[in-house]
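The values are calculated or read from the model by the stated rules, or taken from the named source; none is laboratory data. Small disclaimer: the values here were computed from a predicted structure and weren't measured. Glycine also receives a Cβ, built like all others from the backbone with ideal geometry; neighbour counts cover every protein chain displayed.
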Amino acid sequence: MFRNQYDTDVTTWSPAGRLFQVEYAMEAVKQGSAAIGLRSKTHVVLACVNKANSELSSHQKKIFKVDDHIGVAIAGLTADGRVLSRYMRSECINHSFTYESPLPVGRLVVQLADKAQVCTQRSWKRPFGVGLLVGGLDESGAHLYYNCPSGNYFEYQAFAIGSRSQAAKTYLERRFENFVDSSREDLIRDALIATRETLQGEKLRSSICTVAVLGVGEPFQILDQETVQQLIDKFELVGEEETPAAEPDADAAAAAAADADEGGAAEQGGGAEPGPAAEQGAAPMDI
Amino acid sequence: MAGTGEIRSCSDGGLCKSAGKRLTTEFLSCIKCQVKLTKQQANWSPYDNGGSCVAVAGADYCVVAADTRMSSGYNILTRDYSKICKLADKCVMASSGFQADVKALQKLLAARHLIYQHQHNKQMSCPAMAQLLSNTLYYKRFFPYYSFNVLGGLDSEGKGCVFTYDAVGSYEKVGYSSQGSGSTLIMPFLDNQLKSPSPLLLPALDAVTPLSESEAVDLVKTVFASATERDIYTGDKLEIVIINAEGIRREYMELRKD
């Protein structure tokens, strides 16, 4: 794995035409804990796994609000991610100030990508070690982009980055064709299931994941732990997810979704809890 | 035309004996004529859109009000322009003066508030916004915002507070205040009704009025009705914003249109 001769500087090409420092930066993204994004025509959901270093410490913040209509989930060097979020917020505020309208997401990601590219072509800089899943809403609908340390960016229907993200990607690849017309609830459900995939058997609890939603008529918000736990309880079938077991649950979820849609707010709690699920789901007094 | 000695004659006109003679002083007229000369200047300025604003603080509420007339000289530009802007959850600013500068100031403060929210994960308190406004105004000390502001809201304990400013950021926390073209008419009346204890007293006395919320609103309506009578730049409609623990609500009252 070590290509020692040509990997000292980002400004040194290898004979095969590769910039190893940039590739190493992309490795850093793969080492970070997972972040997942999905979008429908009207909503974008971002989810991430929060792993704290120890039971004593708090977990790192990986999802940031950039503006009412844009949010970002990061994986990799979270410090770099924090700095880039600050940049994105600043750009959104300046655009709003000058043009009295929200910054289109597509423009923001290009600016981000250009910023990342600069760091791949200066001898005194290093590439950013963070991958960003930028979710946003503009006049042309909901969008999800992935920004690489290399300065590339791509638009996705759904994507996952970070460690063990392949499991989530496999799940998303199976289901992504349905996402365009998904309801908000189904989208969140898929995000939570994809997050669970990355945990490789560990139980999904709201204390180790963060979910954020934004969409038409709904400014970006990070769902609070209680809401997330209730959603997990509603959607979680102990063990498998998929088709057969999913049918009856989808009905219950659809019924609850109808109520929740009218309510509009993030609170799903309400009626649809079956008794036993509520008991086992009651957020465990963690740590 | 000062100092160069290029002036050929006294500007007073043909009557002066110095006409046709070169003046060596830097004055426009010779010394004798200067005593008689009175330069006439127009006092009308386009950089003033008129209007008045008032704020009154209570124990658990704050009332901020401004008329909705925008004028330029002797013309009315519109009868329906809001001079009041919500800066934060419990903080509202009313500004009179040059509305273009007011608009720029409001946008700047809104952007700064957004930055604050990103950094601190909470809304700015009224006293914090008061300091920010003062700093923002002083930043342009040598090309000021032509904006005369009153800031009203609830402090972190839920008590009403009013801050009054001049154009370059000098500010003070008071129990009530007015700014704008009608302030010379309004302020003495408010002093009469709400006399604030001096901020120099020790121990410090509470400046907020003991009036109830509805009494304060009535007082404000009375005050504007009177100011409208005599100040040509104040009138059309009164916009009243009331901030209390429940939130912010708006009321309107018609004023004389002449």
Among the numbered conditions (1) touching a Leu at 6+ places or on another chain (Cβ under 9 Å); (2) away from chain B (no Cβ under 14 Å), tell me where A:Ser163 comes up short. (1)
Quick check: is even one residue across region A:51-63 in a strand (DSSP E or B) and at pLDDT 95 or above? yes
What residue, of A:Val110, A:Val134, is surrounded by fewer than 16 Cβ atoms within 10 Å (Cβ to Cβ) and touching a strand residue (DSSP E or B) at 6+ places or on another chain (Cβ under 9 Å)? A:Val110
Unique residue being within 14 Å of another protein chain (Cβ to nearest Cβ), touching a Pro at 6+ places or on another chain (Cβ under 9 Å) and surrounded by fewer than 21 Cβ atoms within 10 Å (Cβ to Cβ) when the list is A:Ser90, A:Ser101, A:Ser96: A:Ser96
Only one of (1) of a type in the set (Gly, Ala, Ser); (2) farther than 30 Å from A:Gln221 by Cα; (3) more than 17 Å from the chain's Cα centre (by Cα) fails for B:Gly169. Which number is that? (3)
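Give the number of residues within region B:186-206 that are touching a residue at least 60 places away in the same chain (Cβ under 8 Å) and surrounded by fewer than 21 Cβ atoms within 10 Å (Cβ to Cβ). Give the steps one after another, and end with the answer.
First pass over region B:186-206, keeping only residues touching a residue at least 60 places away in the same chain (Cβ under 8 Å): B:186, B:190, B:194.
Narrowing the set further to residues that are surrounded by fewer than 21 Cβ atoms within 10 Å (Cβ to Cβ) leaves B:194.
The number of residues fulfilling the criteria is 1.
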The correct count of residues that are within 22 Å of B:Lys86 (Cβ to Cβ) and either touching a residue at least 60 places away in the same chain (Cβ under 8 Å) or touching a Pro at 6+ places or on another chain (Cβ under 7 Å) (or both) in region B:235-251 is 11
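Residues being farther than 18 Å from B:Tyr61 by Cβ and either of a type in the set (Lys, Arg) or not in a loop (DSSP other than H, G, I, E, B) (or both): count how many of those fall in region B:134-163. Steps first, please.
Kept after step one, since they are farther than 18 Å from B:Tyr61 by Cβ, are these residues of region B:134-163: B:134-149.
Next cut, either of a type in the set (Lys, Arg) or not in a loop (DSSP other than H, G, I, E, B) (or both) only: B:134-141, B:147-149.
Qualifying residue count, region B:134-163: 11.
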Among the numbered conditions (1) over 23 Å from B:Glu229 (Cα atoms); (2) in contact with a strand residue (DSSP E or B) (Cβ under 7 Å, 6 or more places away or on another chain); (3) in contact (Cβ under 8 Å) with a residue 40 or more places away in the chain, tell me where B:Met124 comes up short. (3)
Identify, by number, the condition in (1) within 14 Å of chain A (Cβ to nearest Cβ); (2) of a type in the set (A, V, I, L, M); (3) more than 14 Å from the chain's Cα centre (by Cα) that B:Leu105 doesn't meet. (3)
Could you please give the count of residues in region A:160-184 that are buried (at least 24 other Cβ atoms within 10 Å of the Cβ) and out of contact with any strand residue (DSSP E or B) (no Cβ under 6 Å at 6 or more places or on another chain)? 1
Among the residues of region B:146-204, how many are polar (S, T, N, Q) and more than 19 Å from B:Leu133 (Cβ to Cβ)? 6
Where the second residue is modelled with pLDDT under 95 and of a type in the set (Lys, Arg) and the first is closer than 28 Å to A:Ala73 by Cβ and lies in region A:8-29, which pairs have Cβ atoms under 6 Å and are six or more apart or on separate chains? A:Phe20/A:Arg3
Please verify whether A:Ala194 is more than 26 Å from A:Ala116 (Cα to Cα), touching a residue at least 12 places away in the same chain (Cβ under 8 Å), out of contact with any Asp or Glu (no Cβ under 8 Å at 6 or more places or on another chain) and not acidic (Asp, Glu), treating the condition exactly as stated. yes
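Output the residues belonging to region A:16-50 that are outside any loop (DSSP other than H, G, I, E, B) and polar (S, T, N, Q). Explain how you work it out, then say what you get.
In the first step, residues of region A:16-50 are kept if they are outside any loop (DSSP other than H, G, I, E, B); the result is A:20-31, A:35-39, A:43-49.
Once the filter is applied, which keeps residues that are outside any loop (DSSP other than H, G, I, E, B) and polar (S, T, N, Q), region A:16-50 yields A:Gln21, A:Gln31.
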Among the residues listed as B:Glu157, B:Glu254, the single one being at pLDDT 95 or above and of a type outside the set (Ser, Thr, Tyr): B:Glu254
Answer residue from region B:108-121, given it is in contact with a strand residue (DSSP E or B) (Cβ under 8 Å, 6 or more places away or on another chain) and either within 22 Å of B:Val168 (Cβ to Cβ) or away from chain A (no Cβ under 14 Å) (or both) and is surrounded by the fewest Cβ atoms within 10 Å (Cβ to Cβ) among those: B:Ala110
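Do you know which of the residues in region A:62-82 that are without any contact (Cβ under 8 Å) to a residue 40 or more places away in the chain and within 14 Å of chain B (Cβ to nearest Cβ) is farthest from the chain's Cα centre (by Cα)? Reasoning before the result, please.
Quick first cut of region A:62-82, residues without any contact (Cβ under 8 Å) to a residue 40 or more places away in the chain only: A:64, A:79, A:82.
If we keep only those that are within 14 Å of chain B (Cβ to nearest Cβ) too, we end up with A:64, A:82.
Working: A:Phe64: 10, A:Arg82: 15 Å.
Step by step, filter region A:62-82, then rank; the result is A:Arg82.
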